[in-house]
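For reference, the structure is listed below as structure tokens.
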Amino acid sequence: MKLFIREHLLLVIVQCIQMSTFMGILLLAQFDDIAIIAYCIFISFFILLLYLIYMYWTRRHFYKKMSNPIATLDVSLEKLDMAPISQHLQKVLKTQYNAYESNRLALEKKQEQYFMFLDRWIHQMKTPVSVLNLMAKDLDEPEASNFQEEIDRLQKGLNMVLYMSRIRTMEHDFRIQRLDLLHMVQDVMKEHKRLFIRNKVYPKIHIPENTMIETDEKWFHFIWTQLVENAVKYSAGKSNQMDIVYTETNKRKVLSVSDEGVGIPEEDIRRIFDPFYTGANGRVFRESTGIGLYLVKEVCTYLGHHIEVESTVHKGTTFHLVF
């Protein structure tokens, strides 16, 4: 209605000016029959009112669509009134919709080809990494440890790219099961033995036996690996302790990992889950990419979990994974 009024306001103003001019001419001509003048003015405005009502009623869908933002593209294909301007608008919207769909499908095809290439490349890279692992076993210390550390860094980077590629189709790639939490956490800890020893950070696990949670095993492994590796990276050289604690209330099941490392500045906490954001710590720890926690947040959203963080600079950080 507001758009209709704004569009026809000038017409009403012109009509008022026209009637005023008409009355002025009659009065100057010494035509003093006020009743006839008033009747003419009434008829004129009555006809104007009928015209405005007709215009609004026949174009009401057009004005409604023009006044409200389009929530989805499908709305642009809805039929409008039979008025010429409405029909023309519908043709324009349909043309734009078809052009958009064509561009979208072309971009999706290119993106799919890119991710397909990326997946194949990652799997091809796993073969030389496996060979390097075998070669590392034939080396003596400390060369073997240094060599293995670089291999682990390469493997971590490849896995990160692989998971980032897979997350686009995650809705088709997860299965919620009832799983033993302690067993899954211990599996991640065993895989990171060298990381703990190399950085002299040792985890303490406080999870009761037979603690069952509902999640996807593969994606939980990814989430927990990211949180554990971050805890080790940001506490190495500052503290040798990392606590893994499970708590449960009537409403929440929470798995927490706490370190006594450098902590996260307050101004960075609200942005640590943004893609490619590394913050103040990222300028000190050059290996930070700003991808890990972003992917953790995305995976948690898909799985129906929730991730929370508490941190104090120079005292440490705690991440809470809420099931």
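The values are calculated or read from the model by the stated rules, or taken from the named source; none is laboratory data. This is a predicted model, so every value here is computed, not measured. All Cβ positions, glycine included, derive from the backbone under ideal geometry; neighbour counts span all protein chains shown. Side chains included, ligands, DNA and RNA excluded: accessible areas come from the protein's heavy atoms. Shrake-Rupley method; radii C 1.70, N 1.55, O 1.52, S 1.80 Å.
For VAL228, the shell of other residues with beta-carbons less than 11 Å away shows a net charge of -2, using +1 for Lys and Arg and -1 for Asp and Glu. Using a cutoff of 8 angstrom between alpha carbon atoms and counting only pairs six or more residues apart, the relative contact order for the chain works out to 11 percent.
For the set ASP268, ASP180, ASP32, solvent exposure ranked by accessible area (probe 1.4 Å, protein chains only) runs largest to smallest as ASP32, ASP180, ASP268. Counting pairwise Cα distances across segment 213-323, what percent come out greater than 22 angstrom? Tail of P(r) above 22 Å: 28 percent of Cα pairs. In the chain, the calculated helix contribution to ellipticity at 222 nm averages -20500 deg cm²/dmol per residue, counting -39,500 (n - 2.57) for every DSSP H run with n ≥ 4.
A 1.4 Å probe, protein heavy atoms only, puts the accessible area of THR127 near 90 Å².
If I compute solvent accessible area with a 1.4 Å probe over the protein chains, what percent of it on the chain is carbon and sulfur? Please report the intermediate quantities before stating the final value.
Values: 12300 of 20810 Å².
Reported share for carbon and sulfur atoms: 59 percent.
Projecting the Cα atoms of THR289, LEU303, THR95 onto the dipole axis of the chain, where Lys and Arg carry +1 and Asp and Glu carry -1 at the beta carbon, places THR95 farthest toward the positive end.
Over 30 Å between C-alpha atoms is what I'm after, so list which of LYS65/LYS109; LYS110/LYS156; LYS156/LYS204; LYS126/LYS200; LYS110/LYS218 land there.
Details: LYS65/LYS109 32 Å; LYS110/LYS156 27 Å; LYS156/LYS204 23 Å; LYS126/LYS200 28 Å; LYS110/LYS218 28 Å.
Flagged as over cut-off: LYS65/LYS109.
Of the trypsin sites (Lys or Arg not before Pro) found in segment 199-233, the ones in coil according to DSSP and having at most 15 other Cβ atoms within 10 Å of their Cβ are LYS200.
Normalised per residue, the accessible area of segment 284-323 is 50 Å², obtained with a 1.4 Å probe and no contribution from ligands, DNA or RNA. Across segment 110-172, the relative contact order, built from alpha-carbon pairs under 8 Å that are at least six residues apart, equals 44 percent.
DSSP assigns beta bridges within the chain; of those with both partners inside it, close to 85 percent run antiparallel. Each residue of segment 299-307 was assigned a 3J(HN,Hα) from its phi angle through the Karplus expression (A = 6.51, B = -1.76, C = 1.60, θ = phi - 60°), giving 5, 4, 4, 5, 7, x, 8, 9, 10 Hz with x at Gly and Pro.
Heavy atoms only, 1.4 Å probe, whole protein assembly: order GLU229, GLU108 by accessible area, highest first.
Values: GLU229 30, GLU108 85 Å².
Sorted by accessible area, descending: GLU108, GLU229.
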